[in-house]
Amino acid sequence: MPPHPPPRPDTSPTTVPRHTDNPDGPDGPDPRATDGPGPTPAPPPADRGTTGVAESPAGAPAADAAGALERVRALVPAVAERAAAHDEAGTFPTADFADLRAAGLLGLMVPRRLGGSGADFADYTAVAAELAAGAGATALIHNMHASVTGALAHTPDDLARALGAPDSWFTTRDRVLREAAGGALYGVAMSERGAGSRLSRITTGYRRTAGGYRITGHKAFVSGAGHVDAYLVAARDEDARDAGAGDDGAGDADVRVSYFLVPAGEGVRVDPTWDSLGMRATGSHDLRLDTEVPADALLGGVEGLALPIAEVMPQWLVASYAAVYVGVARAVLRAAADHLGARGLTGLPAVRARVGRADAAVEAAALAVGEAARRVTDRPGEPETNRWVWRAKLLAGDTAAEVASSVLEAAGASATRRGHPLERLYRDARCGALQPATSDVCADWLGVAALGGDPARDTAVSRW
């Protein structure tokens, strides 16, 4: 993978805006705008070089995990101030990521020896919830980056070797993490139209070449598309499919799926499709791939790891979203208190009861997320840890949606006007139960486990 650039001008396509008097968004005119609706090439990274010292891009020493939480708290007021305009225009929060980069927070999950904060999963959830209380969309984009860097940083070397990782992989991994500490931003290109996040059903494929791998396909819901330096791409082995391995026409779990870190640039094109109900500033456009990558772009240096890892250690695919929606739900409560106080409604018992139930529900969900994070940090991959991972996602997603709906009703019709903080937060909160794994999938997984079954096997349809 080539070196990544320093913070650079935005050059990806503009999103599809809502009706707005400020189509350029809070950061000014978007230089990614194009004259036509067709796919636009993702910009190639410029040469940044690699870094080897524990410094943030601004030159300050990299913060430890506790210091990272303080840094994100310092950024949240500005992030929150920009959130409404980004939601209205559907624009990527460029200034938010400039701030996160300057604060060294793109290196949150990177080990200290490589220039990062050395955060564990519990540290991440605290930062994610804090950031999401300012802007849920910004926190979701950062979550995708953290899921790449966190998975790389937290997979033990002995486990990687047991899975077959060659010695060269560890050099590649450290380079990727060091570049994140230096400011590189990574995205995730896993989901597809017609398949969702079910890895066994994806159609994006790869074939071996003399120099590495050829990857072709079409991804959807790629947060930060056109603004990241490289994408974690899930692709299936087309050579094995041609040979008949795992191809029964149903896309079952026998399909061999691998992860690749694909640099933005030639052969990677952004199709500006994102115009959603909520989380509108994530820039989750479609991505079209027809590109060749070197052999060291294969994560882990081993093919076929995506599905086994999803089953055994699901935290980055399932629970990392959970902290984001706890933060969104807390933002709902703060906005509700402001609105209800301004309108003189805080003396109504019915209003107080709704807010009281919402407060209890949000903090109960936060406790579940915290327990899952603690177990992931201390005992990753254990069966009870994984049950808490699925519980956390279910509770956080459902709670955010239910709390936002109830509080909006307490606030009254005036809070449903376009541009009101509660209206925006209601739309953002509603997305939590829909993001993979959806609430129904989480509940089914937990139900199978509670009844003594194997959630990974006792299902008519593969979960991944």
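The values are calculated or read from the model by the stated rules, or taken from the named source; none is laboratory data. On a predicted model such as this, the values are computed, not experimentally measured, just so you know. Backbone-built Cβ (ideal geometry, glycine too); neighbour counts: all protein chains shown. In case anyone asks, the SASA skips ligands and DNA or RNA and just uses the protein heavy atoms, side chains included. Shrake-Rupley method; radii C 1.70, N 1.55, O 1.52, S 1.80 Å.
Extension gain, Ala337 to Asp167: 0.36 nm times the residue separation minus the Cα-Cα distance gives 55.7 nm. Potential lengthening of the chain between Asp157 and Asp239 amounts to 26.6 nm, from the contour at 0.36 nm per residue minus the alpha-carbon distance. Each peptide in 101-111, 342-352, 69-79 was scored by the mean count of other Cβ atoms within 10 Å over its residues; highest first, the order is 101-111, 69-79, 342-352. What is the percent carbon and sulfur in the accessible area of segment 305-464, measuring with a 1.4 Å probe over the protein chains and ignoring ligands? Solvent-exposed carbon and sulfur of segment 305-464 make up 56 percent of the total. Label reach from Glu81 (point 7 Å along Cα→C-beta): in segment 128-160, amide nitrogens under 18 Å belong to 131-136, 138. Efficiency by 1/(1 + (r/R0)^6): what FRET value for Arg113 and Arg418, r their Cβ-Cβ distance, R0 = 51 Å, to the nearest 0.05? Calculated value: 0.55.
Per the Debye calculation on segment 55-199 with a single equal scatterer at every Cα and no solvent contribution, log₁₀ I(q)/I(0) for q = 0.09 Å⁻¹ amounts to -0.29. Using the alpha-carbon centroid of each, what span in Å lies between segment 344-415 and segment 66-86? Taking the Cα centre of each part, segment 344-415 and segment 66-86 sit 21 Å apart. Measuring between their Cα centroids, segment 212-226 and segment 306-324 lie 20 Å from each other. Look at the dipole of segment 248-380 built from charges on Cβ: of Val302, Ala335, Gly356, the Cα furthest out on the positive end belongs to Gly356. Take the Cα of Glu70, go 7 Å toward its beta carbon, and the backbone nitrogen atoms of segment 120-149 under 18 Å from that spot belong to 120, 123-124, 126-128, 130-131.
Available extension along the chain between Glu409 and Glu363 is 14.5 nm, counting 0.36 nm per residue and deducting the alpha carbon span. Ranked by the mean number of other Cβ atoms within 10 Å per residue, highest first, peptides 319-327, 91-99 order as 319-327, 91-99.
Rolling a 1.4 Å probe over the heavy atoms of the protein chains gives segment 130-184 an accessible area of 29 Å² per residue. Couplings 3J(HN,Hα) of segment 376-384, computed from phi: 4, 5, 8, 9, x, x, 6, x, 5 Hz, in residue order, whole Hz [Karplus 6.51 cos²θ - 1.76 cosθ + 1.60, θ = phi - 60°; x for Gly and Pro].
Computed with every protein chain present, the accessible area of His339 is close to 20 Å² [probe 1.4 Å].
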